[in-house]
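Undergrad: Next up is a structure, given as structure tokens.
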Amino acid sequence: GQLKASYCLTEPGSGSDALAAKTKAVLNAEGTHYILDGQKMWITNAGFADVFIVFAKIDGKDFTAFIVERNTPGLSVGAEENKMGIKGSSTCQVFFENCAVPKDAILGEIGRGHVIAFNILNIGRYKLSAAAMGGCKRSLTNAIRYANERQQFGKSISSFGAIQYKLSEMAIRTYALESANWRVSNYIDDRKKLLTEEGKSLAEASLGAAEEYAIECALLKVAGSEALDYVVDEGVQIYGGYGFSEEYPLARAYRDARINRIFEGTNEINRLLIVDMLLKRAMKGQIDMMTPAMEVQKELMGIPEMGEPDTDAFSAEVKAIANMKKAILMVAGAAVQKLMMQLKDEQEILMAVADMIIDTFMAESALLRTMKHAESEGAAEREAMVQVLITDAMDRINKSGKTAIMSFATGDEQRMMLLGLKRFTKYRMLNTTALRRTVAARLIEADNYCY
Ligand SMILES: Cc1cc2nc3c(=O)[nH]c(=O)nc-3n(C[C@H](O)[C@H](O)[C@H](O)COP(=O)(O)OP(=O)(O)OC[C@H]3O[C@@H](n4cnc5c(N)ncnc54)[C@H](O)[C@@H]3O)c2cc1C
């Protein structure tokens with residue numbers, strides 16, 4: 001914990017396409033040092049880091065990570081960037097000009113830099129989402145307190161339905177994010193423990209666990225950054241004109257939040273990754289998507305069963321989540337069958353499928369947590385949050401599914417899939433306005449985020 005470090009991957013010409021980096025490393029004639037030449041961009045901590053982890057291509061081809069100390073001749077740091085937000089963090093360009101680093105300064109193996117680069121990103125995405133969760137809670141609490149204090153038309157603005165809608169939606173998204181974060185934290189912890197017991201070092205176990213849950217890390221990153229942006233945006237709105245003033249906390253939160261959708265892989269790249277990793281794992285036989293996809297196909301051909309009325313607690317919600325998964329399997333399965341290798345170029349479909357997956361994972365996480373705490377204080381309000389979440393998620397899943405189906409299916413196949421989608425995105429008809437008011441009432445009473 002003595003040294004501060006930075007991670008130098010991005011370059012002016014290569015951001016999302018990180019492996020197209022141009023920074024080069026060439027072994028000197030004596031065979032003692034690698035000579036680095038190139039330029040890195042947007043490097044966090046660069047202003048004060050003691051150590052730089054630099055990704056460069058040996059002889060322009062083998063992507064490799066190097067440990068470079070700050071005082072190495074040939075390394076120089078540019079001026080601080082003039083950023084929109086997170087102004088408390090240092091972000092600079094880093095230049096390497098004839099910069100000689102000892103041969104043993106290679107981190108990991110030659111040509112395996114991408115493994116280090118991407119594994120760090122898995123952990124970074126997971127952490128980003130936890131930080132976003134903290135930001136959501138803080139901004140929401142600020143907004144609740146302000147709404148309780150601020151009087152207009154002779155009343156607190158928190159007494160208005162329009163404001164209660166916002167507070168409840170901010171709380172629902174925060175609650176879902178928190179539930180998903182805890183769920184994935186538990187998965188990663190368990191996996192880490194298992195790998196440690198198998199004899200892996202702590203570092204190997206941490207990286208291995210994050211790699212195993214790379215899909216969840218990408219998913220959390222997207223969901224976390226977008227929940228936070230929603231919360232700070234509505235937070236500014238609740239503060240009204242004071243939200244636009246740097247004298248109040250929401251303006252800074254609004255500016256600071258925005259970067260989260262851009263770094264650690266943009267949300268577009270992470271959405272693409274979610275589907276790509278899932279399909280690759282299915283193709284490698286690591287997860288079985290085929291059997292459930294076939295079952296969904298069979299179900300689509302059959303007569304819809306009317307089923308028993310959902311009388312048990314949460315039985316309608318459990319069924320709703322199962323149906324969301326069927327909708328994903330139906331759309332993704334058909335898209336793979338129909339488009340095969342061409343699917344990777346149909347980004348609109350991939351984005352739609354990613355959105356369906358994210359919505360399902362978030363709703364399921366919130367439901368699992370709510371069921372676990374069904375007896376504790378605030379249970380009725382938590383149940384209300386989950387019901388609103390599932391209602392809205394179903395609508396979004398229906399829309400995403402429809403967009404995807406209409407772009408690749410035609411004729412009878414299209415009609416059958418649209419009918420299937422309708423069947424799989426059905427949920428109870430609930431008075432979500434009343435449910436939201438219940439959720440908001442508890443927030444207003446507690447004067448902070450209390451779920
Ligand atoms: C404050 C800050 C701190 C940062 N810290 C670091 C750091 O410490 N270390 C580091 O290495 N980097 C860092 N970065 C860089 C960051 O990771 C990149 O900015 C990010 O990966 C995006 O790259 P880019 O800016 O070149 O955008 P581009 O890659 O040019 O993307 C521009 C737009 O095109 C979209 N796009 C790109 N490719 C595709 C595609 N294949 N399909 C669909 N859409 C696509 C993107 O989603 C985005 O919307 C930081 C950036 C900022 C702003």
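Undergrad: Looking at segment 3-31 only, could you name the residues that are farther than 20 Å from GLY111 by Cβ, assigned to a loop (DSSP other than H, G, I, E, B), more than 7 Å from the ligand (Cβ to nearest atom) and in contact (Cβ under 8 Å) with a residue 12 or more places away in the chain?
TA: LEU3, LYS4, PRO12
Undergrad: Further question: For ALA257, state whether it is part of a helix (DSSP H, G or I) and more than 16 Å from the ligand (Cβ to nearest atom).
TA: No, not satisfied.
Undergrad: Another question, then. Would you check if there is a residue in segment 274-281 being of a type in the set (Asp, Glu), farther than 30 Å from ALA171 by Cβ and more than 14 Å from the ligand (Cβ to nearest atom)?
TA: No: segment 274-281 contains no residue that is of a type in the set (Asp, Glu), farther than 30 Å from ALA171 by Cβ and more than 14 Å from the ligand (Cβ to nearest atom).
Undergrad: For residues that are near the ligand (Cβ under 10 Å from one of its atoms), surrounded by fewer than 17 Cβ atoms within 10 Å (Cβ to Cβ) and of a type in the set (Gly, Ala, Ser), tally how many sit in segment 39-90.
TA: 2
Undergrad: Quick test for you: out of LEU194, LEU202, LEU207, pick the one residue that is exposed (fewer than 15 other Cβ atoms within 10 Å of the Cβ), within 27 Å of ILE67 (Cβ to Cβ) and out of contact with any Asp or Glu (no Cβ under 8 Å at 6 or more places or on another chain).
TA: Numbers: LEU194 fails: within 27 Å of ILE67 (Cβ to Cβ); LEU207 fails: exposed (fewer than 15 other Cβ atoms within 10 Å of the Cβ).
Answer to the check: LEU202.
Undergrad: OK, next. Based on what the data block shows, is PHE63 modelled with pLDDT of 95 or more and in contact with a His (Cβ under 8 Å, 6 or more places away or on another chain)?
TA: Judged against the criteria, PHE63 is a match.
Undergrad: When segment 348-370 is examined, which residues are found to be within 14 Å of ALA218 (Cα to Cα), surrounded by fewer than 23 Cβ atoms within 10 Å (Cβ to Cβ) and of a type in the set (Asp, Glu)?
TA: Scanning segment 348-370 gives a single hit, ASP355.
Undergrad: Follow-up. Check whether at least one residue in segment 284-298 is exposed (fewer than 12 other Cβ atoms within 10 Å of the Cβ), in a helix (DSSP H, G or I) and of a type outside the set (A, V, I, L, M, F, W, C), and report yes or no.
TA: Yes, there is a match, as at least one residue in segment 284-298 is exposed (fewer than 12 other Cβ atoms within 10 Å of the Cβ), in a helix (DSSP H, G or I) and of a type outside the set (A, V, I, L, M, F, W, C).
Undergrad: Among the residues that make up segment 165-179, is at least one of them out of contact with any Pro (no Cβ under 7 Å at 6 or more places or on another chain), outside any helix (DSSP H, G or I) and of a type in the set (Phe, Trp, Tyr)?
TA: Start the filter on segment 165-179 by keeping residues that are out of contact with any Pro (no Cβ under 7 Å at 6 or more places or on another chain), which leaves 165-179.
Of the ones still in play, those that are also outside any helix (DSSP H, G or I) are none.
The answer is no; no qualifying residue exists.
Undergrad: In segment 327-343, is there at least one residue being in contact with a Pro (Cβ under 8 Å, 6 or more places away or on another chain) and under 30 Å from GLU268 (Cα atoms)?
TA: yes
Undergrad: A further question on this structure: Among the residues that make up segment 99-106, is at least one of them surrounded by fewer than 17 Cβ atoms within 10 Å (Cβ to Cβ), basic (Lys, Arg) and out of contact with any strand residue (DSSP E or B) (no Cβ under 7 Å at 6 or more places or on another chain)?
TA: no
Undergrad: What number of residues within segment 7-50 satisfy the criterion of being of a type in the set (S, T, N, Q) and under 22 Å from LYS103 (Cβ atoms)?
TA: So the answer is 3.
Undergrad: A further question on this structure: Within segment 422-451, can you find the residues that are polar (S, T, N, Q) and more than 27 Å from the chain's Cα centre (by Cα)?
TA: Correct list: ASN431, THR433, THR438.
Table: residues versus (1) hydroxyl-bearing (Ser, Thr, Tyr); (2) without any contact (Cβ under 8 Å) to a residue 60 or more places away in the chain; (3) within 16 Å of the ligand (Cβ to nearest atom).
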{"position": "GLY235", "(1), (2), (3)": "no, no, no"}
{"position": "ARG261", "(1), (2), (3)": "no, yes, yes"}
{"position": "ILE287", "(1), (2), (3)": "no, yes, no"}
{"position": "PRO292", "(1), (2), (3)": "no, yes, no"}
{"position": "GLU295", "(1), (2), (3)": "no, yes, no"}
{"position": "ASP312", "(1), (2), (3)": "no, yes, no"}
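Undergrad: Give the residues of segment 358-375 that are of a type in the set (A, V, I, L, M) and touching a helix residue (DSSP H, G or I) at 6+ places or on another chain (Cβ under 6 Å), sorted by residue number.
TA: If the condition is that a residue be of a type in the set (A, V, I, L, M) and touching a helix residue (DSSP H, G or I) at 6+ places or on another chain (Cβ under 6 Å), then ILE358, MET362, ALA363, ALA366, LEU367 are the ones that fit.
Undergrad: Quick one: THR32 ticks every box in (1) touching a helix residue (DSSP H, G or I) at 6+ places or on another chain (Cβ under 8 Å); (2) among the β-branched types (Val, Ile, Thr); (3) under 30 Å from VAL232 (Cβ atoms) bar one, so which box is it?
TA: (3) is the only condition that THR32 fails.
Undergrad: Still on this structure, I have one more. Within segment 50-100, how many residues turn out to be of a type outside the set (Lys, Arg), within 27 Å of the chain's Cα centre (by Cα) and part of a loop (DSSP other than H, G, I, E, B)?
TA: Here the count works out to 8.
Undergrad: May I pose another question? Among the listed residues ILE116, ILE120, which satisfies the condition of being under 19 Å from SER16 (Cβ atoms), surrounded by fewer than 19 Cβ atoms within 10 Å (Cβ to Cβ) and either of a type in the set (A, V, I, L, M, F, W, C) or more than 16 Å from the ligand (Cβ to nearest atom) (or both)?
TA: Within the list ILE116, ILE120, the selection yields ILE120.
Undergrad: When you go through (1) at pLDDT below 95; (2) crowded, with 20+ Cβ neighbours inside 10 Å one by one for GLU375, which number turns out not to apply?
TA: Among (1) at pLDDT below 95; (2) crowded, with 20+ Cβ neighbours inside 10 Å, the lone unmet condition for GLU375 is (2).
Undergrad: Test SER407 against the stated conditions and say whether it is assigned by TED's automatic domain parsing to the domain that holds ALA334 and under 20 Å from ASN323 (Cα atoms).
TA: Working: assigned by TED's automatic domain parsing to the domain that holds ALA334: yes; under 20 Å from ASN323 (Cα atoms): no.
Answer is no for this residue.
Undergrad: Residues in segment 347-363 that are closer than 22 Å to LEU300 by Cβ and among the charged types (D, E, K, R): how many?
TA: The number of residues fulfilling the criteria is 2.
Undergrad: Residues that are hydroxyl-bearing (Ser, Thr, Tyr), at least 1 per element: which helices (runs of 4 or more DSSP H) completely within segment 325-427 meet that?
TA: Hits in segment 325-427: 347-372, 379-408.
The values are calculated or read from the model by the stated rules, or taken from the named source; none is laboratory data. This is a predicted model, so every value here is computed, not measured. Backbone-built Cβ (ideal geometry, glycine too); neighbour counts: all protein chains shown.
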